[in-house]
1. Given Asn76, Ala58, Gln134, which one lies farthest toward the positive end of the charge dipole of the range 19-173, if we put +1 on the Cβ of every Lys and Arg and -1 on the Cβ of every Asp and Glu?
2. Counting other beta carbons within 10 Å of each residue's own, what order do His22, His37 fall into, fewest first?
3. If you wrap the chain's Cα atoms in a convex hull and average its projection over all directions, what's the area in nm²?
4. Among Leu154, Gly143, Gln121, whose Cα lies farthest out toward the positive end of the dipole of the range 119-179, if unit charges sit on the beta carbon of Lys, Arg (+1) and Asp, Glu (-1)?
5. Give me the dipole magnitude in Debye, nearest 20, for the range 35-113 about the Cα centre, with unit charges on the beta carbon: positive for Lys and Arg, negative for Asp and Glu.
6. Using a simple charge model, +1 on the beta-carbon of Lys and Arg, -1 on the beta-carbon of Asp and Glu, nothing else, what dipole does the chain show about its Cα centre, in debye to the nearest 20?
7. Check which residues have an amide H placed less than 5 Å from Ser34's amide H, if you skip close sequence neighbours.
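No lab work stands behind these numbers, since they all come straight from the coordinates. Every value quoted in this text rests on a predicted model; they were computed, and no experiment measured them. Note that we place each Cβ from the backbone using ideal geometry, even for glycine, and neighbour counts take in every protein chain shown.
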Amino acid sequence: MALACKPVAAGAPRLNGERNLHCEVYKARNDVQSVIHAHDLAVIPFGVAGVPLRPVIAQASFLPPETPLFEIRDANSSVSRRGTLVLDGHLGAALAERLGADPVVLMRGPRRDGGGAFGAQSNVRAIYTHIDAQAQSAALALGPHITALDSVELATNAAENFDADRPWQNYKTRLSGGR
């Protein structure tokens, strides 16, 4: 599939309907080599409840102070028939714009998307976004006020936690049963 988001070969099998989401992120961000599109039950509430996902654990220091939210209704407001899927280039470009330079964007509904320089980084960020969302949800269950990482902690932790290979190797080992 080329960045035109169209099949390269004539008669190719039907492509994923949301391929435009991936293509438009790749077009907008030449630093992104991997896009993860997840339906993460720990993250979904932050996309629908109006509660910003914030970095509360050191390993999630790659997150911005508030993870951006892509509201498809805003990008699709003039369309009389609209759904929640990113099915065309216009919506994909709007999502990529909302992602901006950040590594993760939430989507209202059951999705979260993020990009990374390579597969290990994207996967580790997806895992730590999940853990961060769980931690923030647990904290919010205890009370309405949370203490998120501040800008100094974010900068320091991001510099200290830049190597995705170590946790990636750990997760791969755990997934293979320790072999």
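1. Asn76
2. His37, His22
3. 12.6
4. My answer, from the dipole projection, is Gln121.
5. For the range 35-113, the charge dipole is close to 220 debye.
6. The calculation lands at about 760 debye.
7. Sorted by chain and number, the residues that satisfy this are Gly116.
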